[in-house]
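Read the figures in this text as sums done on the coordinates, not as results from a lab. Since this is a predicted model, take the numbers as computed values, not measurements. Ideal geometry is used to build each Cβ from the backbone, glycine not excepted, and the neighbour counts take in all protein chains shown.
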Amino acid sequence: MKFRSLISLSLRDTRRHRTRLAVFSLAISIGIATVVAVGSLRADLLYQIEVEARDILGADVAVRGFFAVPDSLLTPFRNGTTDMATEQSMASMVRKNGASQSRLVNVRAVSQGFPLYGHKMLGSEALSAGGALVSQNLGYQLGLSVGDTLRIGAALVPVVGIYDKGPGQSGIAATVAPGLYISQQTLTQTGLVTYGSRIQYSYYFKTNNTQEAETLKDQMEAQIVAAGARVETVADSQRRMSSAYDNLIKFLNIIGFVALVLGVLSIASAVGMYLHQKVRTAAVLRCLGMGGRDLAAMYFFQVAAISLVGASLGAVLGWGLQGLISNISEGFLPVRLSVTPHFGVMALGVVLGVLLTLGMSVFKLFALSGVSAMHLLREGLAQRSDTYDVRGLSVAALLLYLAARILLGSWGLSLWYLLGLLIVLLLLAGLTRALMWGLRNISGAALPFTFRYGLAAIRRPGNQSTLLMTALGVGMFMVFTLAFVQHSVLSYLDISEQAGKANLVLFDVTREQRDSVKEVLKAHHAVVTEEISMVPMRLSALKGRSVQAWQKDTSHRIPDHIFYREYRVTSRGYVADNEEITSGEWPPAMTDAEVVPISVEYYTAEQMQVAIGDRLEFNIYGIPFEVEVAAIRRVDFTRFQSSFTIVFPPGVIDDAPQTYAF
C-alpha cells in the first residue's frame, strides 16, 4: 500500500478516538517537560558561566597564595598586562558596635579598581575613606544598615553600603561566611594581620585578550606552583564553576530520566490497551487484503503521532519550567539564568519521547502484524513467534539504553541502570503473574456478587492486569528510589539531620582551659562528639635531606609550602569515617623501633613525593622527631568533622604542648 494511502487510512481509523488519544499523549508530556527543563538548565548554566566568567573571576588572570607572592614572580604578569588589583582575604569574627552577637565573615581587603571586570562598587571612594561594604546576608543577620558601625578586630568601621553578590560568590557559599569588603589600609588598622594569621593573597591582572592570559599562565605556572601558589585564568574559572555544579546536574539528569521512563511506561500501557482493542479492526482489514506489514505501519503512524504531539507539548512545558527554575535559583547561583529557549535541547527531548514510546510499543505493533482474518471468530491476539519477542525486546532495550546514555552521560552507569530496571521488571512481572494465579484459584463462592464479578473481570481472557500492575510497580519503585536518593543527598549535606554529628566547633582550647570548657558545654547540655588534641610542628627533613637542602635544589617539583608551613597534627588509633586507607596499615603494629609510624593524607603525600617506608623528620618545639610513613589515606574534607594531613599513633605526642578542639 502506498505511503499516502496508509496515512489517510490511519487518520480515518482515529476519528472516533482522537480525544482519547490526545489524553494518552499527555502521559509523555510531563516526562519530556522535565527532561527539557533539566537540559535547558544545564545548557544555560554552562553558557552563562562562559559569558560571565570574567566577572566571576574579576580578572583575566589571577595569582593566589597563602603568602605574599614575591615580586620576582609577579613582574612578568605586570609587564604583560594592562591593569592590576590586589586582595587580601581572611576569616574573622565581627559584630555590630554595641551588640553582643558576633558572626564569622570572610574579610576581603581590596585595592582601588577591584574588580577589574564587573561592577566597580568595590573600588569606591567610601572604601578608601575607611568604610565597609557588607553582604545582604550579613546585614540581615546582624541587623546592619548604612551608617552603622562594625567592630572588626581592633577597629570600628562604618558600613557604607550593602551589596548583593561579589565576584565568585554565590548565595550558598556566602551563607557559611558572608563577605565583607574593606580597603587594605583599613585591614592594617584592624590588627588582624599578625604572626599566625591565615591570609590568602590574590593578585588580579587584566590582559588584552584571552590568549595573552593563557600564554602568561603557561610561562609562569611551574614557578608559581613551585612557590606554593596557584594561577587561574578565565578558562580555569569556567571549568571550576562547571565542575562545582556537576553533581547537581547529574542528580537533575536522573530526575529527568526517571520522569521520562515513567511517562513512556504510562503511554506505552495506554497505547498497548488501545492497540489491543484494535485487533478486530485489524482482522477486518486483513480480510480486505491488507498485508501484515502495512497493518503494523498504519498503527505505527498513529503511535508516532500520539508521541510526537505529547513530546512537543512537553518541550513547550519544559521551556516554561525553565523560567520557573531560573527565578528560584537566582539566589543560589553566581550567574543569572535566562529563559531563552534552547531549541537543541527541546528537539532532543521530542526525539527521545517519540523513539522511546515507539520502542516500548513495538511488542503490540509486532503482534498486530501477525493478526489474521480468523480473529473475527476468536478473541485474543495471535501467538507471536520467538523472533518477534526477541526483536521487540532488543529494540526497546537499545532505545532505553541510548536515552540513559544521553541523559546520564556514562555508558557504564547507563548499562547498570538498564540492568537494574530489567531485573525490577522481571520481578514485578513474576509477582504479578503469581498474584493472578492465586486469584484464579480463589473460588469466591462465599463472597458477595460484586467481589466475585470483580475477580472474574481481573482474570478474563485478554485482560491487561499484568501490564497495568507491572507498570504501576515500576513507577512506584522508581519514585521511591529517587526519593531515597534525594533524602540521602540532603541528609549528607544537612548537618542538622545528621544524628550525632557536630554543628559547632571550638578551637585553640589550652590544656588549662580544657576542663572549664567541658563544664560550660555540659551546663548548656551540649554533647561533645569529638575531643581532638593538636600539636603544631614543622618539617625539618624529608627522605634524609634537610629542608634547607631541598629549598636550594631547584630540580624537584615539591611545592615550597610543604617545607615552610606549620603542620597541626593529632594522634589516634583508628580510621575516621571520612577517611579511607589507600596503602599501608592503620593503626600500625607498634614496635620498640626508634622511628614512629605516621599516616599521611593522599594529596599531601603526592606533593611530598613520599610512599610507604619513606622517612621524615619534624621539629616539635625544637626537638627533632623522626617518623616513617606507615599509611596513606584519602580524606573527605567536605564533611563537617576533624580532618588532618598528618596523624600520629596514640601515646606518642601526648606530652608535647598542645591545644584542643571540641
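Could you compute the FRET efficiency for ASP655 and ALA347, with r as their C-beta to C-beta distance and R0 at 51 Å, rounded to 0.05? List each step's numbers first, then the result.
Values: r = 71 Å, r/R0 = 1.38.
For R0 = 51 Å, the calculated efficiency reads 0.15.
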Exercise. Spin-label point model (7 Å from Cα, Cβ direction): what's the GLU580 to GLN185 distance in nm?
Worked result: 5.3
Exercise. Taking the radius of gyration and the Kirkwood hydrodynamic radius from Cα positions alone, what is the Rg/Rh ratio for region 514-661, to two decimal places?
Worked result: 1.00
Seminar exercise, completed: For the VAL146, LEU506 Cβ pair and Förster radius 35 Å, calculated FRET efficiency rounded to 0.05 is 0.55
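Gain in length, ARG12 to GLU519, computed as 0.36 nm per residue apart minus the alpha-carbon separation, to one decimal in nm? Each step should come with its number before you reach the end.
Details: separation 507, 0.36 × 507 = 182.52 nm, distance 8.52 nm.
Extra length from ARG12 to GLU519 when fully extended: 174.0 nm.
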For this session: Hey, can you grab everything whose amide H is under 5 Å from the amide H of SER92? Only 5+ residues off in sequence or another chain; H modelled, so Pro and N-termini drop out.
Result: VAL105, VAL107
Problem set entry | region 534-662: relative contact order as a whole-number percent, Cα under 8 Å and 6+ apart | 35
Seminar exercise, completed: In whole Hz, the Karplus estimates of ³J(HN,Hα) for region 431-438 (6.51, -1.76, 1.60; θ = phi - 60°; x where Gly or Pro) are 5, 5, 5, 5, 5, 5, 5, x
For this session: Could you tell me whether the chain comes out rounded, prolate or oblate from its Cα gyration tensor? Rule is a ≥ b ≥ c as square roots of the eigenvalues, rounded for a/c under 1.5, then prolate if a/b exceeds b/c, otherwise oblate.
Result: prolate
Exercise. How high is the relative contact order of region 61-243, in percent, with contacts defined as C-alpha pairs under 8 Å that are six or more residues apart?
Worked result: 34
Problem set entry | Amide H partners (placed H, <5 Å) of LEU150, local residues excluded | ASN97, VAL157, VAL159
Problem set entry | TYR602-ASN208 pseudo-label distance in nm [points 7 Å out on the Cα-to-Cβ vector] | 4.4
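When the helices in the chain are scored as -39500 (n - 2.57) per DSSP H run of 4 or longer and the sum is shared across all residues, what 222 nm value do you end up with, to the nearest 500 deg cm²/dmol?
On the way: 21 runs with 333 residues, N = 662.
Rounded to the nearest 500, the figure is -16500 deg cm²/dmol.
With an 8 Å Cα cut-off and a minimum separation of 6 or more residues, compute the relative contact order for the chain in percent. Don't skip to the answer; put the middle values down first.
Values: 1045 pairs, mean separation 96.5, N = 662.
Answer for the chain is 15 percent.
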Exercise. Which residues' amide hydrogens lie under 5 Å from the amide hydrogen of SER571, considering only partners 5 or more residues apart or on another chain, with H built in the peptide plane?
Worked result: SER533, PHE648
For this session: Could you compute the FRET efficiency for LEU468 and LYS2, with r as their C-beta to C-beta distance and R0 at 41 Å, rounded to 0.05?
Result: 0.65
Exercise. Going by alpha carbons, how many degrees (0 to 90, nearest 10) lie between the helix axis of 18-57 and the longest principal axis of the chain?
Worked result: 20
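Pairs to check: LYS96/LYS165; LYS96/LYS522; LYS2/LYS278. Give those whose C-alpha atoms are more than 23 Å from each other in this structure. List each step's numbers first, then the result.
Working: LYS96/LYS165 21 Å; LYS96/LYS522 29 Å; LYS2/LYS278 21 Å.
Check vs 23 Å cut-off fails for LYS96/LYS522.
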Seminar exercise, completed: Computed ³J(HN,Hα) along region 316-322: with the Karplus parameters 6.51/-1.76/1.60, θ = phi - 60°, integer Hz and x for glycine or proline, the list is 5, 4, x, 4, x, 5, 4
Seminar exercise, completed: THR75 and ALA226 label points (each 7 Å along its Cα→Cβ direction) are spaced in nm at 1.6
Exercise. Looking only at region 601-615, which residues have a backbone nitrogen under 20 Å from a spot 7 Å from the Cα of ARG565 in the C-beta direction?
Worked result: 601-612, 614-615
